[in-house]
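Contents: one structure, followed by commentary.
Just so it is clear, none of the values below were taken in a lab; they were calculated from the coordinates. Quick caveat, the model's predicted, so the values are computed rather than measured. FYI the Cβ positions are ideal-geometry reconstructions off the backbone, even for glycines, and counts take in every protein chain you see.
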Amino acid sequence: MRIVDSELGPADWTRLIDGEAQPWGGVGEHLRWRPKTHTVALLDDDDALLGTGGVVLATVRAGQSAFEVVGIGGIFVTRRARGQGLASSIIERLLQIAGGLGPDLAMLFCLPSRMPLYARFGFAEIAPPVRAMQPDGPITVPMRAMWRALAPGARWPDGEVELLGEPL
């Protein structure tokens, strides 16, 4: 298996989702997400697409502080390949990319059941609520938010969190 830089099109997503009715747990399907500026694809030895993920820079306000974060998102492994630790490979690569983008912090949204996976990579929960924009206006994001330091000593500031723009 290998991870490559790759832009995924609609046909790629159709193959990855493989007919799942609610691939994002019935929550993420209903949100408009910020497009990723850098995506990776996980391919098997026959170049079949097994998974993906991406990163994007975003501005966040926490309390009185506004700062840039690397948003990590769109992490997905096709159902026939789950349970093999493949998401970890994608996360590791995305964290390598994130470390070279400049911001001191990374942020992501996930289902509660995925929080232990991200915690293994040093992510910690951001206390709800976390707000972001949707086409009809601001919402409280119905997924859990987590953060991770990308630079030594970096800490998430206290205060209510607002993502300036769409979720990551």
### Matching residues, region 1-57, being touching a residue at least 24 places away in the same chain (Cβ under 8 Å), among the polar types (S, T, N, Q) and in a loop (DSSP other than H, G, I, E, B)
Ser6
### Unique residue being in contact with a strand residue (DSSP E or B) (Cβ under 8 Å, 6 or more places away or on another chain) and free of Cβ contacts under 8 Å to residues at least 40 places away in the same chain when the list is Ala106, Ala149, Ala87
Ala87
### Query
If a residue has to be in a strand (DSSP E or B) and closer than 20 Å to Val4 by Cα to count, how many in region 64-83 make the cut?
8
### Query
Does any residue of region 74-85 turn out to be on the phi < 0 side of the Ramachandran plot and in contact with a Cys (Cβ under 9 Å, 6 or more places away or on another chain)?
yes
### Query
Could you say whether any residue in region 46-56 is of a type outside the set (Phe, Trp, Tyr), under 20 Å from Pro157 (Cα atoms) and exposed (fewer than 13 other Cβ atoms within 10 Å of the Cβ)?
no
